[in-house]
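Some notes on the structure that comes next.
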């Protein structure tokens, strides 16, 4: 039996914080509190432990070890005191999957209309996976994909289906 | 048993492997073919020319073509769930153990009862169905339709679910080239040199199109191009991939066959490609046209190109003695190739007055008789060609001689495959010289930038000689739409234009005489070019006949619309992976698995699944609902309310924003308190409701209905981004961040006080419509004192990951209290007992809050809110609008939900006038009697009046108007 | 199936990632408006064969609303632009004019 196109792994242990603010005004304060540079439009910055993704012109997503979430929210809230901003914990709202292996891109290409060739090394693409919202970016050896917690089982199913052994997209 | 099939030639066959024999079954017979065969070539090699019967007259039919345009040789393939009708024998690869069945015949291909239709064919002219089955009307339903339905349809549908897997994938490319022949590969090389990504799609398993067959050095030229392209990293070459449709902005659908009819590979059978290309090159080649002569549908009459394809590609002789009939030089190739392969070429019948091109010279030099200015008057034979009778092309069909043969190779010229070019708006021009439509480069399909994004190349662009030997001079094609030119009706009524749908020259002429001047109308009236043909073989011949009958030039008649798909796509391929558990996303709350373990009967609410009730052994869903309600009313119950929308709204302008969004005032809500709010559309109609909690000075949490979260969040963002974009407000949809559990019933407080926690739950500390934050059972929580059941109730929100934990702790702690999980139906009944409205029950998109007695929730002080202006329109303020009331059933039975209350008199359409309808109706276990809510004209002023509700059965139920609050009017139970 | 480039994040998205929102540049009529003006705001929509201005939300993306100028017959997209403007900006008007020299704006340009 051939191998699956990619190894699909549900990941736990991430904290996630949505930050909504005027990024021009508050970017420096956020960067300092988050400990990461503010990502460019549709990019994600990372230091190996934490990542900061650009979600929208006035929205960032901080992804970090779950244990650090409370302190990060406090730091961000403090840093944005006096500014019009919203910092909320969304750690429990998400499902995270890692897709690793030589054909991980094929799995994405079967589920999302996004053009992976146009996704830079530090790109974050918000799109859909089949019929549900998803965002993904490159990690070592593949992709990390996040979706909504309630659709975790659906995501797991369609990711595994797309990774069916022998179904790689390269012409046979 | 092995034997060499009698029609397999000793030599040749570039696509077959003579060393590998393939057994298969055809209509129960065990036969053998070779690796590389199509079903058609394998059957021909076995001497099986007759491969099906026509749709209408059930006439015997053999293969006409060798490719995707084949109209006759369609089989039912496979067995059980893998059975598939209408599989084209000419494009389906033969695989070991294949089982195929002929179609449109009963009891068998050889002895078919339906062939009686053919004997009666003079009675089945164009429009036969329209003309015949009109009167008497009652016959339609009971006689005509059942009989027609029984015999209608090509093939039969499979009876079992398809066990194979299908998938889809997206591709993005600068250029997609459709067609892997010489033109396509050349265009791909050009595009690849420019540096962008190039994707080349070939419909079949081999590259090269007609070039390896029609050009001396064809194979070498193709291989050189493939080597060049294969070395380029920006080129993807994909075989077995049929481009089926071209849509807006360079969106191309294609079907890749990965494991067709070969399930043992364990991979998806087919893949639907969704391709987005900046430029599309159609290199789809051309299709040869049949000639219209009498009995041109007898098995053994084939396209000239198909005859040489079977010889050269598969080493199969379609017959032993061949007559070629043509109006062009290309068909001479078939004569030469057939002769070289050892077939006897009895004659070339050329409709043109003279034939002097290089190929004609070669044929004469090979001692092949060439009869110019000649046509076929009639083919002899029934189930197989026995010979032809020829005549002067310019005459009426008086025989000039007869020739014995068992195969007729015909060529009426070639038509570029313009389907993809036409699918998305590209226009065609008429090429007088070649008598064909070809793509008009001045009017191509347009891309997003308004520039043409499709070009045609090679034969698809009208360059019919691109695959052949350009150095050979050819004489011009002479259009021939009827052979002989002045054939009488007797001959014209046997000239097939559309072989699949049994449309003849005489049918199109009859349509024209009956006034069908539009080609689109003629198509529907005669069925010309319907079903799988889609303008492939029948199009030009049909519209040329129509043009002649209408005495107008062909371009004036025009073509019918070319619609996708070019070749049929199965529904399974279109659905791809979206079937079974992956049919659509099923959203689960954090407590879903507990519900499942505890026997929940599910109710779909949008994509969510919520427990409807939890039936115990021996209990049905409704008995469970009654038990759950009584448990909550007398003790304590828990509801998984996690699906409720939870949207946080924050900012200096958040209060003013919520005042616009809700009908009531949210800006004045004190921190720590909750308020029930109504949300209307700009039309004034009630669209959502829920409890709003003020979290801080500048932030609110808005609850929405289940399934309303995304919609209401989008609604908020719409107004913030597009109308009040200078207001400082941020929103975040936190629906999935929290699990929310309603703990309801007189024992709710006592239960919660058993759990360790930091929140004072007393009436004084946490009164109705307030919230508090802290810990419950060691879990960070926010508790809202809100109630949809009318009982003392706490809704507890905790991080979703802790939801199951809290639920289980509650059930552990409340075990001796008889704590009961309750589902959505218990919730619905309890809210109805309290007279609370439900979005979707009491509202249907035409209801304003004022209809529901909710005027108290509409602020009179606010200058504006979304929907306010609409609610002052005359229709909205009409006192006669139906208003919410309660209903008591007079006979103790539940009045059906949705039943209408009739009024005296009839409306303009003779229908009974209505004065109201039931919006919610239940048996109340609390009161042990039916309760209902209804919208009734002047309802609140008519307390005590009795309304009639006629049921579909004819029975009339009666209900007495009453107050909609059936239970605990004073509201004392809210405080336990 | 259309493709549009979201001006808020620069992503070129296909129609399935977008959510349509009908005609752009409607002026909201509130409680002070006349019946006729309110009716026009609620129900009257332009339905041109040709240049049209539309609202779209990059729903499976950055979540922002934006506006698109598009030809309803040829599906040519003249441009996409911010939703936070009462009229199409000058560069969109210029792009339309380049492709449709005879086209006239239906609004009176204040600026």
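Brief remarks on what is shown
- For the protein assembly as shown, the mean residue ellipticity at 222 nm estimated from helices alone is -6000 deg cm²/dmol, where every DSSP H run of n ≥ 4 contributes -39500 (n - 2.57) and the total is divided by all residues, rounded to the nearest 500.
- Per-peptide packing, taken as the mean over residues of other Cβ atoms within 10 Å, places B:529-535, B:23-29, B:582-588 in the sequence B:529-535, B:582-588, B:23-29 from highest down.
- For the protein assembly as shown, DSSP calls about 80 percent of its internal beta bridges antiparallel.
- Neighbour-count order for A:117, B:297, fewest beta carbons within 10 angstrom listed first: A:117, B:297
- Counting Cβ atoms of other protein chains within 10 Å of each residue's Cβ and taking the mean over peptide B:586-592 gives 4.
- The orientation-averaged projected area of the convex hull spanned by the Cα atoms of the range B:554-597 comes to 5.8 nm².
- Ranked by the mean number of other Cβ atoms within 10 Å per residue, highest first, peptides B:611-621, B:756-766, B:178-188 order as B:178-188, B:611-621, B:756-766.
- Computed over every Cα-Cα pair of the range B:645-733 and binned at 10 Å starting from 0, the pair-distance distribution P(r) comes out as 19, 58, 23, 0 percent.
- Translational diffusion of the range B:290-412, estimated by Stokes-Einstein from the Kirkwood radius over alpha carbon pairs at 37 °C in a medium of 0.692 mPa s, is 237 µm² per second.
- For B:868-880, mean number of other protein chain Cβ atoms within 10 Å: 2
- FRET efficiency, residue B:963 to residue C:103 (Cβ-Cβ, R0 51 Å, nearest 0.05): 0.25
- Alpha carbon centroid spacing (whole Å) that separates the range B:759-834 from the range B:620-664: 11
- Principal axes of chain B: Cα extent on each, largest first, Å: 114, 69, 61
- Each DSSP beta bridge with both residues in chain B is either parallel or antiparallel, and the antiparallel ones are about 75%.
- Each peptide in A:153-163, B:421-431 was scored by the mean count of other Cβ atoms within 10 Å over its residues; highest first, the order is A:153-163, B:421-431.
- Kirkwood Rh and Cα Rg combined as Rg over Rh, evaluated for the range B:141-295: 1.10
- From the alpha carbon centroid of the range B:858-931 to that of the range A:74-120 is 47 Å.
- On Cα atoms only, tilt of A:69-79 relative to the major axis of chain A in degrees: 40
- Axis angle, to the nearest 10 degrees, between helix B:539-550 and the longest C-alpha principal axis of chain B: 80 degrees.
- Peptide A:103-111, shielding by other chains (average Cβ, 10 Å cutoff): 3
- Whole-number D in µm² s⁻¹ for chain A, Kirkwood Cα-pair radius fed into Stokes-Einstein, 20 °C, 1.002 mPa s: 129
- Counted over the range B:290-412, the DSSP beta bridges are approximately 40% antiparallel.
- The three principal axes of the C-alpha atoms in the protein assembly as shown carry coordinate ranges of 114, 75, 73 Å, sorted with the longest axis first.
- Cβ-Cβ FRET estimate between residue B:874 and residue B:970, R0 fixed at 41 Å, reported to 0.05: 0.60
- Relative to one another, the C-alpha centroids of the range B:15-83 and the range B:517-560 are positioned 30 Å apart.
- Contour excess over end-to-end distance, with Cα ends at residue A:9 and residue A:46 and 0.36 nm allotted per residue: 11.3 nm
- Angle of helix B:621-634 to the longest C-alpha principal axis of chain B, folded into 0 to 90 degrees and rounded to 10: 20°.
Quick note: the coordinates plus some simple rules give every number you see, no bench work behind them. Bear in mind the structure is a predicted one, so any value in this text is a computation, not a measurement. Every residue, glycine among them, receives a Cβ derived from its backbone with ideal geometry; neighbour counts consider all protein chains shown.
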